[in-house]
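Q: This is the structure, below, for whatever I ask next.
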Amino acid sequence: MQNTLQNYIPENALTYVLGLLSHDHLVVKVKNERKTRHGDYRKLPNNQHQITVNANLNTYRFLVTLIHEIAHFEAYQTYGRFIKPHGKEWKQTFQHLMLPLLNPQIFPETLLPLLAKHFKNPKASSDSDATLALALKKFDPPNNKTYVFEVPLGDVFKLYNGKVFKKGQKRTKRYECIEVKTGRLYLFNPNAEVELVNN
């Protein structure tokens, strides 16, 4: 596991993370990109616990995602299986596990205040925090993707699955977007990554 993880997380976080993962029944797998999630945790039928994280994440997003999933495992171990997936037990565990990592030896100075703010009340996904998601994206390799909130009103964009949408008004948190082919209305997270379509 050490040889695998050292390719995906900041070097100075490796010893700490390997310590968190030193459980007999915990397996970590690095997966090809999944569009709907960065990682996940589940208890397997054989009583093993499995964490998966997408291979395409930059080192900082990978580390946050990995700790997010380890927090699910730790919360399960401490509080049992009847807690809410992203309830107070998980939040406290996630905060506790992240605290030793919030330092300039591991994260760039530009990310530290945003991470500190995020971890006062961590969300089910770091993507729900628009400011943090945008800051983390700056460490991704360049691509032709943009966020929904950056798409001009009325412009057309497409998703990874080829579906094409026209951007509409913002509701409280999400954007109304019309699927061009069907005319159906969908609500989009501001941080959904999309590709602009040239009209």
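Taken together, the values in this text are just the output of simple stated rules run on the coordinates, not laboratory data. Because the structure is a prediction, the values reported are computed rather than measured. Glycine gets a Cβ as well: all are built from the backbone with ideal geometry, and neighbour counts include every protein chain shown.
Q: Find the centroid of the Cα atoms in region 142-199 and in region 7-26, then give the distance between the two in whole Å.
A: Distance between centres, Cα-based: 37 Å.
Q: Helix 59-79: angle to the longest alpha-carbon principal axis of the chain, degrees 0 to 90, nearest 10?
A: Result, in degrees: 60.
Q: Tell me, which longest segment in the chain has none of the GluC sites (Glu not before Pro) that fall in DSSP loops with at most 12 further Cβ atoms within 10 Å?
A: Working: sites that count: Glu33, Glu109.
Maximal segment without exposed cleavage sites: 110-199.
Q: Once the other residues with Cβ under 11 Å from the Cβ of Arg37 are scored (Lys, Arg +1; Asp, Glu -1), what is the net sum?
A: Values: positive: Lys31, Arg34, Lys35; negative: Glu33, Asp40, Glu69, Asp127.
Residues close to Arg37 contribute a combined charge of -1.
Q: Identify the chymotrypsin sites (Phe, Trp or Tyr not before Pro) of region 48-99 meeting these criteria: DSSP loop state and at most 13 other C-beta atoms within 10 Å of the C-beta. Don't jump to the answer; show the numbers that get you there.
A: Details: sites: Tyr60, Phe62, Phe73, Tyr76, Tyr79, Phe82, Trp90, Phe94; in loops: Phe82.
The qualifying sites are Phe82.
Q: Here's another thing I want to ask about it. To the nearest 20 Debye, how big is the dipole of region 61-199 about its Cα centre, given +1 on the beta carbon of each Lys and Arg and -1 on that of each Asp and Glu?
A: Numbers: 21 positive and 13 negative charges, 107 e Å.
The calculation lands at about 520 debye.
Q: Dipole of region 2-137, Cα-centred, from +1 at each Lys and Arg C-beta and -1 at each Asp and Glu C-beta, to the nearest 20 debye?
A: Working: 16 positive and 10 negative charges, 104 e Å.
With only Lys, Arg, Asp and Glu charged at Cβ, the dipole is about 500 debye.
Q: Further, regarding this structure: Asp127: net charge of surrounding residues, Cβ under 11 Å, Lys/Arg +1, Asp/Glu -1, itself excluded?
A: On the way: positive: Arg37, Arg61, Lys123, Lys137; negative: Asp129, Glu193.
Around Asp127, the charge tally is +2.
Q: Working from Cα positions, state the angle (0 to 90°, nearest 10) between the long axis of helix 88-98 and the longest principal axis of the chain.
A: The answer is roughly 70 degrees.
Q: Ok, one more. If you filter region 31-123 for trypsin sites (Lys or Arg not before Pro), then keep DSSP loop positions with at most 11 other Cβ within 10 Å, what is left?
A: Values: sites: Lys31, Arg34, Lys35, Arg37, Arg42, Lys43, Arg61, Arg81, Lys88, Lys91, Lys117, Lys120, Lys123; in loops: Arg34, Lys35, Arg37, Arg81, Lys120, Lys123.
Taking region 31-123 and a limit of 11 other Cβ atoms within 10 Å, the loop trypsin sites (Lys or Arg not before Pro) found are Lys35, Arg81, Lys120.
Q: Right, here's the next one. Top mean-square fluctuation among Asp155, Asp24, Asp127, Gaussian network model of the chain, C-alpha springs under 10 Å?
A: Greatest mean-square fluctuation among the candidates belongs to Asp24.
Q: Just Leu159, Leu63, Leu44 to compare: in a GNM of the chain, with alpha carbon springs under 10 Å, which one fluctuates most?
A: Leu44
Q: Tell me the chymotrypsin sites (Phe, Trp or Tyr not before Pro) within region 144-199 that lie in a loop according to DSSP and have at most 14 other beta-carbon atoms within 10 Å.
A: Those that pass, being in a loop and sparsely packed, are Tyr160.
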